[in-house]
Amino acid sequence: MNKKRLGIVSMLASVTLASSALLAVSAHAASTITIWAGNEKAPSYTAWAADYSARSGVTVKVVAKTNMGDFDKVQDADAPDIIINAHDTIGKYRADNKIEAITLSNTKEFDANTLAAFTLGTKLYGVPLQTENIALITNTKLVPKAPKTFAELEAIALKLKKANASNANFVPLAVQQGTGGDAYHMFPFLTGLGGYVFGGTPGKWNVYDVGVDNAKFIKNSSMIDKWYKEGLIKASVTWDVARSAFTSGNAPFYITGPWFLDDIRKSGVSYRISALPVIVPGFKPVPYSGVQGAMMTTFATTHGVALETKAALQDLATVNAQLSISKVALRSPANTSAQKQFTDKDIAAFGIAGAGSIPMPTVAANNVMWGAVGGAWVKATSGQSTAAAAFKAAAKSMRDQIE
């Protein structure tokens with residue numbers, strides 16, 4: 001009799017536990033997913049969050065954060081399930097065990113390099129949402145027909161420079177540098193002349209293969225010396241000089257990103273956005289790209305909403321979601337199908353111009369590149385050194401600093 005009663009008690013306990021589990025699943029299905037995004041980015045996600053909540057039955061709460069660094073020390077109860085940030089944060093987040101790998105069913109709708117931006121090893125750690133990159137902005141009043149090659153661009157710019165010899169504010173090719181240099185804005189010239197920063201591929205960089213002094217680039221580097229001597233590119237052009245020159249109609253060509261689009265639109269200058277044309281046959285002058293993305297935090301699992309979070313991330317990868325977000329953010333959707341449908345022609349043009357762009361490496365070794373390569377460009381475009389000597393010195397500096 002006692003054994004029978006124990007069996008009944010055990011059975012009742014099992015039923016109770018099963019019921020509790022079912023209630024927990026139901027609670028999770030109706031629970032809240034919390035998203036953290038920076039103050040300036042958060043408004044981009046509110047419309048999508050409201051729509052997704054209505055469609056899925058899962059409440060999505062978007063929290064605007066003044067300091068995204070709070071994620072480094074956040075406690076479980078206050079932690080987000082999804083964090084929106086740039087791709088170069090994934091290395092640290094993963095090292096701190098703050099994010100989890102995900103899978104997407106529509107990876108074919110993303111450029112390989114864009115996916116690589118959120119990849120460590122063979123695993124994907126985020127949904128690419130928006131991309132940004134620099135492009136060539138042309139004053140169509142000064143240059144009605146787009147140059148097909150950089151040599152043609154160079155000839156047009158120098159002809160206009162000669163015609164505006166008495167205009168001290170005229171800049172033939174407005175690309176920012178300044179005293180500290182700007183390896184980011186000059187990157188398309190590095191790649192366009194056959195150079196590279198690290199060997200390997202996005203997400204699988206070989207930091208011991210430094211390519212800013214590789215044989216092909218050094219062979220073509222005399223073109224940089226020529227650009228300086230003829231006054232096409234000068235290190236003295238800072239970001240404000242470049243922007244002012246173009247928006248005042250004193251520059252036929254301007255290299256910048258969507259962050260100055262409002263200034264360009266307000267200036268009244270007629271313009272065209274395109275990729276920098278080929279400098280040397282066989283090398284595409286691609287820019288760096290920055291990718292914003294959504295990452296699943298490890299807290300989603302401890303909060304019991306891992307499945308709901310993964311479903312939300314999959315939705316964020318879709319065309320409709322990315323179009324909704326990009327219309328507010330004024331950035332190019334990462335989803336290539338969404339790019340083709342994006343109604344802001346200027347932002348879409350930036351996306352097209354950035355095709356094949358290289359995500360800024362997330363490896364720590366990239367930090368030594370900025371000063372070394374930026375400094376090399378300054379020396380080469382200010383008359384302090386030949387380009388070949390400047391970039392050989394930059395490469396040596398990088399190798400000496402990379403452990």
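Values computed for the structure shown
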quantity: Neighbour-count order for Arg94, Arg265, Arg399, fewest beta carbons within 10 angstrom listed first; calculated: Arg265, Arg399, Arg94
quantity: Given charges at beta-carbon only (K, R positive; D, E negative), |dipole| of the chain in Debye; calculated: 660
quantity: On Cα atoms only, tilt of 319-329 relative to the major axis of the chain in degrees; calculated: 60
quantity: Dipole magnitude (debye, nearest 20) for segment 233-317, charges at Cβ of Lys, Arg, Asp, Glu; calculated: 340
quantity: 3J(HN,Hα) from dihedral phi, segment 372-378, Karplus parametrisation 6.51/-1.76/1.60, rounded to Hz, x for glycine, proline; calculated: 5, 6, x, x, 5, 5, 4
quantity: Among Gly371, Ala388, Ala329 - extreme Cα towards positive end, dipole of segment 325-403, charges at beta-carbon; calculated: Ala388
quantity: Which labelled figure in [x] 1.04; [y] 1.10; [z] 1.02 is Rg/Rh (Cα atoms, Kirkwood Rh), once derived from the coordinates; calculated: [y]
quantity: Length-normalised contact order for the chain - Cα pairs under 8 Å, 6+ apart - percent; calculated: 26
quantity: Set of lysines with alpha-carbon distance to Lys92 below 26 Å, sequence-local pairs under 8 removed; calculated: Lys41, Lys61, Lys65, Lys73, Lys123, Lys204, Lys310
quantity: Partners for Lys234 among aspartates and glutamates (Cα-Cα distance below 15 Å; same-chain residues under 8 apart left out); calculated: Glu154, Asp182, Asp225
quantity: Placed amide H near Gly38: partners under 5 Å, 5+ positions off or other chain; calculated: Lys65
quantity: Gain in span if fully extended, Gln341 to Asp96, counting 0.36 nm per residue against the direct Cα distance; calculated: 84.4 nm
quantity: Radius of gyration, Dmax [segment 287-403; alpha carbons; angstrom]; calculated: 20.3, 61
quantity: Listed residues Ile83, Val278, Met296: farthest to the positive end of the dipole of the chain (Cβ charges); calculated: Val278
quantity: FRET efficiency, Lys148 to Asp72 (Cβ-Cβ, R0 41 Å, nearest 0.05); calculated: 0.25
quantity: Segment 61-195: radius of gyration and largest Cα-Cα distance (Dmax), Å; calculated: 21.9, 66
quantity: Calculated [θ] (222 nm, deg cm²/dmol) that DSSP helices of n ≥ 4 give over the chain, each run adding -39,500 (n - 2.57); calculated: -13000 deg cm²/dmol
quantity: Percent RCO, i.e. relative contact order, over segment 89-165, from Cα pairs under 8 Å lying at least 6 residues apart; calculated: 20
quantity: Unit charges on C-beta of K, R, D, E only; dipole of segment 105-186, Debye; calculated: 360
quantity: Estimated distance in nm for a label pair at Arg265 and Asp51, the labels positioned 7 Å out from Cα along Cα-to-Cβ; calculated: 2.0
quantity: In Hz, Karplus ³J(HN,Hα) per residue of segment 261-278 (6.51, -1.76, 1.60; θ = phi - 60°; x = Gly, Pro); calculated: 4, 4, 4, 5, 5, 5, 5, x, 6, 7, 8, 9, 10, 7, 6, 5, x, 4
quantity: Partners for Lys345 among aspartates and glutamates (Cα-Cα distance below 17 Å; same-chain residues under 8 apart left out); calculated: Glu132, Asp262, Asp263
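Read the figures in this text as sums done on the coordinates, not as results from a lab. Only a predicted model underlies this, so the values are computations on that prediction, with no experimental measurement involved. Note: ideal-geometry Cβ built from the backbone for every residue, glycine included; neighbour counts use all protein chains shown.
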